[in-house]
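This report refers to the structure that appears directly beneath it.
The values are calculated or read from the model by the stated rules, or taken from the named source; none is laboratory data. Model, not experiment: these values are computed from the prediction. Cβ placement follows ideal geometry from the backbone for every residue including glycine, while neighbour counts extend to all protein chains displayed. The accessibility values were calculated without ligands, DNA or RNA, using every heavy atom of the protein model including side chains. Shrake-Rupley method; radii C 1.70, N 1.55, O 1.52, S 1.80 Å.
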Amino acid sequence: MRTLGLIGGISWVSTAEYYSLINQGINDRLGGLEFSKCIIYSFNYADIKKNNDANDWDKTFEMIFEASKNLQASGAEAIVLCANTMHLIADRLQEAIDIPIIHIATATALEIKKNEIKKVALLGTKFTMELDFFKSKLSEHHIETIIPDKQDDRDFIQDTIYYELGKGVILEKTKQRYLDIINELVQQGAEGIILGCTEIPLIIKQSDVSVPVFDTGLIHSKAAVDFSLDNF
């Protein structure tokens, strides 16, 4: 079994879910008392958010780079960035380290292709929705991506990720607003919805939505399990 290096605390809520999903995934495959070999480096989210708010991705990169080196030195054989937004620096990080990064957007694109879907809507932080680092991976697989076209909707998603979902706060009025946004995107032709922040599945489930939902945290965790058990 290969050892995974998880970079978390971005937020701790989703990192706990990653740890649970990966261990469950290993045990589902192997049974008995078999669970994941993994090492977790967990950040203080306030430090990361301070950089993001200042648009200082160089400083965030240095923090993630140092964490990756520490994980590799401790025996990690691949890096799992436990957040969609952190993949903004994933390609740059991959060039700087010697072990593979299991990329959340690539894993999601492959899952969408299995469902023969050509057009999806992407929800996430403003960085994930508005920048190209996630959408470009989908485009490589000929998948068209749309995002909420109203700035108010994108701001709402951003704020609730940071100040509600990232703290484990679940409100019914927030869920309803998410569903209203999703329904608008479906009306615009979205054949599937990417829950492109690992906290969003805390409030939106497949049973809430009329089209397929792609939970990136779950998909990413499965890809990590596949890597860990390759040739096991």
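Listed here are the residues, each with its yes/no results for (1) part of a loop (DSSP other than H, G, I, E, B); (2) of a type in the set (F, W, Y); (3) touching a Pro at 6+ places or on another chain (Cβ under 7 Å).
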site	(1), (2), (3)
R154	no, no, yes
Y162	no, yes, no
K173	no, no, no
I181	no, no, yes
I193	no, no, no
P201	no, no, no
I219	no, no, no
V225	no, no, no
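For the criterion of being surrounded by 15 or more Cβ atoms within 10 Å (Cβ to Cβ), over 18 Å from K167 (Cα atoms) and among the aliphatic types (A, V, I, L, M), I48 fails.
Look at (1) surrounded by fewer than 21 Cβ atoms within 10 Å (Cβ to Cβ); (2) touching a helix residue (DSSP H, G or I) at 6+ places or on another chain (Cβ under 9 Å) and you find that I117 fails only one, number (2).
Among the residues of region 51-61, those identified as charged (D, E, K, R) and either open to solvent by 80 Å² or more (accessible area, probe 1.4 Å) or assigned to a strand (DSSP E or B) (or both) are D53, D58, K59. Looking only at residues of region 198-212 that are among the hydrophobic types (A, V, I, L, M, F, W, C) and open to solvent by 10 Å² or more (accessible area, probe 1.4 Å), we find that the one that is farthest from N115 (Cα to Cα) is L202.
Across region 157-171, a minimum of one residue is classified as touching a helix residue (DSSP H, G or I) at 6+ places or on another chain (Cβ under 7 Å) and surrounded by fewer than 15 Cβ atoms within 10 Å (Cβ to Cβ). Counting only residues that are touching a strand residue (DSSP E or B) at 6+ places or on another chain (Cβ under 9 Å) and either over 17 Å from K222 (Cα atoms) or in the same structural domain as E144 (by the TED database) (or both), region 67-86 holds 9 of them.
Before we move on, is V225 outside the structural domain of K135 (by the TED database) and more than 20 Å from F127 (Cβ to Cβ)?
Spelling it out, V225 is indeed outside the structural domain of K135 (by the TED database) and more than 20 Å from F127 (Cβ to Cβ).
Would you pick out the residues in region 172-195 that are open to solvent by less than 70 Å² (accessible area, probe 1.4 Å) and either closer than 16 Å to D149 by Cα or hydroxyl-bearing (S, T, Y) (or both)? Matches in region 172-195: T174, Y178, L179, I181, I182, E184, L185, V186, G189, A190, I193, I194. The residue of region 4-45 that is surrounded by the fewest Cβ atoms within 10 Å (Cβ to Cβ), among those that are small (G, A, S) and assigned to a helix (DSSP H, G or I), is S20.
For region 1-41, a residue qualifies if it is modelled with pLDDT under 95, touching a Cys at 6+ places or on another chain (Cβ under 7 Å) and of a type in the set (V, I, T), and the qualifying residues are I10, T15.
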